[in-house]
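Throughout, read-outs are computed from the coordinates displayed, never taken from laboratory work. It should be emphasised that the depicted structure is a prediction, and the values quoted were computed from it without experimental measurement. Cβ placement follows ideal geometry from the backbone for every residue including glycine, while neighbour counts extend to all protein chains displayed.
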Amino acid sequence: MKKSMIAAALLAACQSTPQEPLRATAALQPTKGSKAFGEATFEETDGKVRVSVFAQGLVPGREHGFHIHEAGDCSSGDGMSAKGHFNPQGKPHGHPTSAERHAGDLPMLRADASGNASIAADLDVITVGPGPNSIVGRGLIVHVQPDDYKTQPTGNAGARSACAVIRRS
């Protein structure tokens, strides 16, 4: 009888212990001819992923499109090896607060007068854990131009100024 009570107590303790969030990081590196770089972290808790980004070397005073891309490949030098936007649900490109958007559509980075930008946003379409919406192994791209959130399928955000591979941490 004592063993079953101990087992029940241990089981209850395990169920009430908060779980560590799933985490991933991405080290943004400049594409050829760019000076943009930075760091992104992703933490998944309670069905949402908190993305936190700090980037430097951006065009001062400009907004920059920011997206998760299909392939975790920055080998081409221009970021094009990361392919198109991550879009496992086959949705149109759109604003990150819209229900109709690519999973990879993120809020824009707004560079200050020194070319630095940071954001922290909670997203509900992507995951760090396994599954079709997992961002682990995907590309992360900072674009030169702002995203118009309308032009299909890219948002007309222009060339790619920084690229990273999202890795589980």
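Overview of results
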| read-out | value |
| --- | --- |
| Cα extents of segment 111-169 along the three principal axes, largest first (Å) | 37, 29, 20 |
| Of Thr127, His95, Gly65, farthest towards positive along the dipole that unit charges on Lys, Arg, Asp, Glu beta carbons give the chain | Thr127 |
| ³J(HN,Hα), Karplus 6.51/-1.76/1.60, whole Hz, each residue of segment 137-150, x for Gly, Pro | x, 8, x, 10, 10, 9, 9, 6, 9, x, 8, 8, 6, 10 |
| Rounded tilt (10° steps) of 2-16 against the dominant C-alpha axis of the chain | 20 degrees |
| Integer Hz, Karplus 6.51/-1.76/1.60 couplings in order for segment 160-169, x for Gly and Pro | 9, 9, 8, 9, 8, 10, 7, 10, 4, 10 |
| Cα coordinate range in segment 36-104, projected on the principal axes (Å, largest first) | 31, 24, 22 |
| Relative exposure of Thr151, Thr25, judged by other C-beta atoms within 10 Å (fewest first) | Thr151, Thr25 |
| Backbone HN-Hα couplings from phi across segment 58-66 [Karplus 6.51/-1.76/1.60, Hz, Gly and Pro as x] | 7, 5, x, x, 10, 8, 10, x, 9 |
| Percentage relative contact order, segment 20-168, counting C-alpha pairs under 8 Å, at least six apart | 32 percent |
| Unit charges on C-beta of K, R, D, E only; dipole of segment 20-168, Debye | 320 debye |
| Computed E for Lys35/Ala99 - FRET, C-beta separation, R0 30 angstrom, nearest 0.05 | 0.25 |
| Cut-off 10 Å between beta-carbons: net charge of the residues surrounding Ala99, Lys and Arg +1, Asp and Glu -1 | 0 |
| Dipole magnitude (debye, nearest 20) for segment 82-139, charges at Cβ of Lys, Arg, Asp, Glu | 220 debye |
| Candidate aspartates and glutamates - alpha carbon under 16 Å from Lys48, same-chain residues fewer than 8 apart omitted | Glu20, Asp105, Asp122, Asp124 |
| Neighbour-count order for Met80, Met108, fewest beta carbons within 10 angstrom listed first | Met80, Met108 |
| Ellipticity estimate at 222 nm from DSSP helix runs (n ≥ 4, -39,500 (n - 2.57)) divided over the chain, nearest 500 | -3000 deg cm²/dmol |
| Cα-Cα P(r), the chain, percent of pairs per 10 Å interval | 11, 38, 30, 9, 6, 4, 2, 0 |
